[in-house]
Amino acid sequence: MRGQFITLEGSEGAGKSTNVDSVCATLDNAGIRYLRTREPGGTPMAEALRESMLHKWEEQVDALAELLLVFAARAQHLTNVIEPALDRGQWVVCDRFTDASFAYQGYGRQLDLEKLETLESWVHGSLQPDLSLYLDLEPDIAEARIAEREKDRMEEEQRAFFIRVREGYLARAKQFERIVTINAGQPLAAVQADVCTAINRFIEDSTVRAGRDV
Ligand code: TMP
């Protein structure tokens, strides 16, 4: 049986890493075998592309170049890691995926969404996450949370950029049923409880689906 594909999304400061831990702990409790990975990244070459993408270059980074870098990394990641794991029956937990390209490059950089859709179908055909958790946070709270951090090129963007990124995520959450929005402005324990509930519900539903398929 093919594995299930779960992604986590959210802007910087939304507590994504901690909540990826919660997703994994919930899968561990349920005895589900999974692979944890991230985007951009997840293979040696894709991690090198990530470094290049986040690096603070002394030249202007072209928005299209940025988009192509994340999709190049994604092609490598899908072929060498994600698809083989799903084919083996392992579940995949991925910290960000193509929703991030729509939010950051589509809405944030204001690139043509049709171009993104073309790239999306070129790079991953009909493959989509089975479940995506979007950790939603007001940009000013997010900004305060990352104020003390050493920032990469993306984190140095202005608030207007992150307002558009959030609009992008919210628009996608409205459009796709697979995206579950979680209020990341709550205390961490409450966010983790919501994440755990969403994952347990998904496990239950996928058990029902699997039962129907037998
Ligand atoms: P991270 O900080 O969550 O690891 O994500 C790395 C950065 O890359 C983050 O600022 C979001 C950005 N990003 C894009 O701009 N487009 C993408 O498609 C992905 C996956 C990430």
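Rule-based calculations on the coordinates, nothing more; no lab input. Note that the coordinates shown come from a computational prediction; the quantities given were computed from them, not determined experimentally. Cβ placement follows ideal geometry from the backbone for every residue including glycine, while neighbour counts extend to all protein chains displayed.
A few notes on this one:
- Magnitude of the charge dipole for the chain, about its Cα centre and with charges confined to Cβ atoms of Lys, Arg (+1) and Asp, Glu (-1), is about 580 debye.
- Residues in segment 39-52 carry Karplus couplings, in order, of 10, x, x, x, 9, x, 5, 5, 5, 5, 5, 4, 4, 5 Hz; the curve used is 6.51 cos²θ - 1.76 cosθ + 1.60 with θ = phi - 60°, and Gly or Pro positions show x.
- Residue-averaged [θ]222 nm for the chain, counting only DSSP H segments that reach four residues, each worth -39500 (n - 2.57): -16000 deg cm²/dmol
- Remark: segment 76-90, residue by residue, has Karplus-estimated 3J(HN,Hα) of 5, 5, 5, 5, 8, 10, 5, 4, x, 5, 4, 5, 6, x, 7 Hz, where x stands for each Gly or Pro and the curve is 6.51 cos²θ - 1.76 cosθ + 1.60 at θ = phi - 60°.
- Lysines with Cα under 27 Å of residue 151, excluding same-chain neighbours fewer than 8 positions away: 16, 56
- Spatially, segment 79-93 and segment 27-53 are offset by 11 Å when compared through their Cα centroids.
- Between 181, 37, 118, the GNM of the chain built on Cα springs shorter than 10 angstrom shows 118 fluctuating the most.
- Dipole-positive endmost among 79, 30, 101 within the chain (Cβ charges, Cα centre): 30
- Long-range HN-HN contacts of residue 134 with modeled amide H, under 5 Å: 9, 180, 181, 182
- Neighbourhood charge, 12 Å Cβ-Cβ cut-off, centred on residue 122 and excluding it, Lys, Arg +1 and Asp, Glu -1: 0
- Residues considered: 28, 136, 62. Largest GNM mean-square fluctuation over the chain, using C-alpha springs under 10 Å, is found at 62.
- Most to least packed among 16-27, 145-156 [average Cβ atoms within 10 Å]: 16-27, 145-156
- Highest-MSF residue in the chain out of 75, 30, 198 [GNM, Cα springs under 10 Å]: 30
- Rounded to the nearest whole angstrom, the semi-axes of the ellipsoid equivalent to the chain, taken from the Cα gyration tensor as √(5λ), stand at 27, 21, 16, largest first.
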